[in-house]
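Remarks on the structure that follows.
The values are calculated or read from the model by the stated rules, or taken from the named source; none is laboratory data. Only a predicted model underlies this, so the values are computations on that prediction, with no experimental measurement involved. In this analysis, Cβ positions are derived from the backbone assuming ideal geometry, glycine residues included, and neighbour counts consider all displayed protein chains.
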Amino acid sequence: MKGTFPTDIFQSLRTPFYYYDADLLRQTLGAINREVSKHEGYVVHYAVKANVNPGLLRIIRQAGFGADCVSGGEVERCIQAGFPSSKIVFAGVGKSDWEINLALDNDIFCFNVESIPELEVINSLAAAKGKTARVAFRLNPNIGAHTHANITTGMAENKFGIAMNDMETVIAKAAAMENIKFVGLHFHIGSQILDMGDFQALCNRTNDLQAQLDRLHISVEHINVGGGLGVDYQHPNRVPIPDFKSYFNTYARQLKLRPGQTLHFELGRAIVAQCGTLIARTLYIKEGAVKKFCIVDAGFTDLIRPALYQAYHKIENISSDEPAEAYDVVGPICESTDVFAKQTDLNRCHRGDLIAIRSAGAYGEIMASQYNCRRLPKGYVSDDLYPGFTDTNS
Ligand SMILES: *Cc1c(COP(=O)(O)O)cnc(C)c1O
């Protein structure tokens, strides 16, 4: 389907590559900011692991978002991209010493701590620098999210977070540590969540835990409920912007914030998924014994979600308006899982046609690998493209 993509400019770029629609990203950020401004004390961080393209980071920072990092490398990227360190949080079950030191040196806002041994290490590394580390405890709320099993994180069996029953113990331990300041509670239950009931369950759990702390006269400055809001992979054109109104209203209605408390969110996918498209070129049309294959020059090294999570991405032939036919869209990699879609309808394909794999802005480019000695795909932000643009580095 010939649509709204700048296909003339695409012709001069080496495929496969990622194309990011900066206007859609700005509209998405605007929609979030509009909803957030209706609620007292709400703060949104971008979960950087979804995509670290510098052009996207700049736009997200300009919209005033903080950054949620899960590695020292991400903390470095965010600082390079100009995020104020006072808006950076650092989560993850396995933080190395150098990563903790990097975060301490940059005076980030908060460590989301996932175990007592980690708390002890942060305390001693902070002591060595004469600093105080602000920490929130990531609690495992034992809530199942209605999403793919590989992307739920808040069940008791998952490796993430501290068991709820240990909450009082860890807070007491933190209070006794010289170089630790306890500032909040953190949760993150999973990804691609579209059932607001899952977030409601998290609110209820948080309310219970807060009531428990109230009885001990322990006050908590910050509650961080993580991210996880999903996007409509089926209908990227009809629903390009997620339903942020319902999302924030769910928290506003269900979660009982204490006076002066701040509620933090860490959205990744919902911010960047829909603005990104993987553009590939058709290499061959192969008539198999029972079906037709559209063999493209992108593979799971460029976009691994279909192979890793059986994820669905809408696919369009943006060079053809001919009648649709069913194809298996496959990549060149020597693995049977290198399939983007089976028996999907595309306008009739020919060698050289550009194929758009939609909703690929989150967990796409950043998960690319060099398996089979393939080149990493490039990412282009629409703001930087103009008629006649050629990439001199490609
Ligand atoms: C991955 C992650 C997020 C973002 O998840 P999305 O589903 O992309 O919104 C938020 N917080 C933490 C701690 C994460 O690990």
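Among the conditions (1) within 15 Å of the ligand (Cβ to nearest atom); (2) modelled with pLDDT of 95 or more, the only one that ALA133 does not satisfy is (1). Test VAL239 against the criterion of being closer than 16 Å to LEU194 by Cβ, away from the ligand (no atom under 16 Å from the Cβ), surrounded by fewer than 15 Cβ atoms within 10 Å (Cβ to Cβ) and among the β-branched types (Val, Ile, Thr), and give yes or no. Spelling it out, VAL239 is indeed closer than 16 Å to LEU194 by Cβ, away from the ligand (no atom under 16 Å from the Cβ), surrounded by fewer than 15 Cβ atoms within 10 Å (Cβ to Cβ) and among the β-branched types (Val, Ile, Thr). In segment 65-81, the residues that are under 13 Å from ALA50 (Cα atoms) and among the small types (Gly, Ala, Ser) reach residues that are modelled with pLDDT of 95 or more and assigned to a loop (DSSP other than H, G, I, E, B) with C-beta atoms within less than 6 angstrom, at least six apart or across chains, in these pairs: ALA67/PHE83. Among the residues of segment 157-191, not one is modelled with pLDDT of 95 or more, within 16 Å of the ligand (Cβ to nearest atom) and over 19 Å from LEU255 (Cα atoms). Among the residues of segment 186-222, those that are aliphatic (A, V, I, L, M) and over 19 Å from SER246 (Cα atoms) comprise LEU209, ALA211, LEU213, LEU216, ILE218, VAL220.
Of the residues making up segment 277-294, those that are modelled with pLDDT of 95 or more and either of a type outside the set (Gly, Ala, Ser) or outside any strand (DSSP E or B) (or both) are THR277, LEU278, ILE279, ARG281, THR282, LEU283, TYR284, ILE285, LYS286, LYS292, PHE293, CYS294. Look at segment 25-41: where a residue is in contact (Cβ under 8 Å) with a residue 12 or more places away in the chain and a partner is charged (D, E, K, R), sitting 6+ places away or on another chain with Cβ atoms under 7 Å, you get GLU35/LYS245.
Condition test on GLU221, is it of a type in the set (Asp, Glu) and at pLDDT below 95? So GLU221 does not fit the description; no. Scanning segment 305-349 for residues that are among the small types (Gly, Ala, Ser) and part of a loop (DSSP other than H, G, I, E, B) returns ALA311, SER319, SER320, GLY331, SER336.
Keeping to segment 242-261, report how many residues are away from the ligand (no atom under 16 Å from the Cβ) and either of a type outside the set (A, V, I, L, M, F, W, C) or farther than 17 Å from HIS188 by Cβ (or both). Residues flagged as away from the ligand (no atom under 16 Å from the Cβ) and either of a type outside the set (A, V, I, L, M, F, W, C) or farther than 17 Å from HIS188 by Cβ (or both) within segment 242-261 amount to 11.
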